[in-house]
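Encoded as structure tokens, the structure appears first; notes follow it.
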Amino acid sequence: MSVQTERADAVPAAGTGKTGAPPPGEERNPTRKRGGASAPYLLLLPALAATAVLLGWPLVKNGMLSFQNLNPRQLILHLTEWNGIDNYQEVLSGSDFWNVVVRTIVFTAANVVLIMVLGTLVGLLLARLGRRMRLTLLLGLVLAWAMPMIAATTVYQWLFAQRFGVVNWILDKLGWHSMADYNWLGSQFSTFSVVTLLIVWQSVPFVAINLYAATTTISKELYEAASLDGAGAWKSFTSVTFPFLRPFLWATTFLEIIWVFKSFTQLFAMNQGGPDRLTETLPVYAFVEGVGNQHFGMGAAISFLTILILLGLTAYYLRTVIKQEEDEL
């Protein structure tokens, strides 16, 4: 009996070693778990620091400038004159700002519709082409996409030049002799038409390549099943292709709205917002009022209002995405 008692007492407790202490692996587990939990946050620190320095601080400075009366006099004398919300009141109470807002929305909507329709068609075309033709078309799309904005704008200025432009020469040869010396940058509609053609040409490759990549994730068995059910090309698109492409279309549309809404280079380099400031969108309007008219506080207020509009669009997009994820769950 005494021997059995000693053996029972000598048996180590569950989860302990020979000395009664927990195994070494179990001692280190809490530390590993804590280290693993903090690792993602540590990896995010460089990106957060870069965002704070490169984006956050300029945004704070711009917000401060929007509450100041900053003109050449203040710059020369190094004066800081705070005027509260006067800049915002002047901007929001004037009709020019709201005309530019409506113009920007219409311009963005027209561009995004054209970009998404043409980009979707080209993306679906890429999925149906043979290997060689697909590579050729992809090469052309990438070259168009990679061209710098200023270089592309310069090419379009030459194409649509009044006297020596290629477009006017072709139209004249085709019988439209009245277009021989047509000034494409002389009216609001024609200037917007040229800029829209430029922006659509630069944006379609991004949408097309994105959607083509999305089509490669669709299983071929789904198309075979739809074909066995008697579905034609349109029915296969609406029942198989479109449901899979919907998230990609939604995300790409939002990115294009942001990109077109804040486009500045093409509009300003093409005609500097002319003629008579009729092709100014919000980014161009902020630059002209701020830097062009040397009323930097006013320009900062307009740019800050533009940022608020973009933040509103982003919040709406994120809310929609979260709602879709909750519905799927």
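The values are calculated or read from the model by the stated rules, or taken from the named source; none is laboratory data. Here the structure is a predicted model, which means the values were calculated and not measured. Cβ sites come from the backbone with ideal geometry, for glycine too, and all protein chains shown count toward neighbours. Calculation scope for accessible area: heavy atoms of the full protein, side chains included, ligands and nucleic acids excluded. Shrake-Rupley method; radii C 1.70, N 1.55, O 1.52, S 1.80 Å.
Points worth noting:
- Computed over the chain, relative contact order equals 24 percent, with contacts defined as Cα pairs under 8 Å that lie 6+ residues apart.
- When the convex hull of its Cα atoms is viewed from all sides, the range 115-161 shows a mean projected area of 4.0 nm².
- If the chain linking L278 and N293 were pulled fully straight, counting 0.36 nm for each residue of separation and taking away their Cα-Cα distance, it would gain 3.7 nm.
- Kirkwood-Stokes translational diffusion coefficient of the range 28-150, alpha-carbon pairs, 10 °C, 1.306 mPa s, µm²/s: 75 µm²/s
- Virtual spin-label span in nm between V60 and L135, 7 Å along Cα→Cβ: 5.2 nm
- Rg over Rh for the range 277-319 works out to 1.12, using Cα positions for both radii and the Kirkwood form for Rh.
- With N as its number of residues, the chain has a Cα radius of gyration that, divided by 2.2 N^0.38 Å, comes to 1.52.
- Convex hull projection area averaged over all views, the range 178-329, Cα basis, nm²: 13.7 nm²
- Legend: residues E224, E280, sorted from most to least accessible area (1.4 Å probe; ligands, DNA and RNA excluded), read E224, E280.
- Chymotrypsin sites (Phe, Trp or Tyr not before Pro) restricted to DSSP loop in the range 129-176 with at most 15 other C-beta within 10 Å: F164, W176
- Springs join every pair of Cα atoms under 10 Å in this Gaussian network model of the chain, and among Q294, Q68, Q266 the largest mean-square fluctuation is at Q294.
- Net charge, F67 excluded, C-beta distance under 12 Å - Lys, Arg +1, Asp, Glu -1: -1
- Per residue, the range 150-273 exposes an accessible area of 55 Å² to a 1.4 Å probe, with every protein chain left in place.
- Across the chain, the longest run free of exposed loop sites, meaning trypsin sites (Lys or Arg not before Pro) lying outside DSSP classes H, G, I, E and B with no more than 13 other Cβ atoms within 10 Å, spans 164-329.
- The range 245-295-the range 40-60 distance, computed between alpha-carbon centres (Å): 26 Å
- Heavy atoms of D327 accessible to a 1.4 Å probe, total area in Å² rounded to 10: 120 Å²
- Here r is the Cβ-Cβ distance between Y316 and F164 and R0 is 51 Å; the resulting FRET efficiency, rounded to 0.05, is 0.65.
- Dipole magnitude for the range 203-329: about 200 debye, using +1 per Lys or Arg Cβ and -1 per Asp or Glu Cβ, origin at the Cα centre.
- Each 5 Å bin from zero up to the one holding the largest Cα-Cα distance in the range 117-199 carries the following percent of pairs: 3, 13, 16, 17, 14, 15, 13, 6, 2.
- Dipole magnitude for the chain: about 860 debye, using +1 per Lys or Arg Cβ and -1 per Asp or Glu Cβ, origin at the Cα centre.
- Length available on full extension from N71 to V117: 0.36 nm per residue minus the Cα-Cα distance, which gives 12.1 nm.
- Degrees separating the helix 95-128 axis from the principal Cα axis of the chain, which is the longest one: 70 degrees
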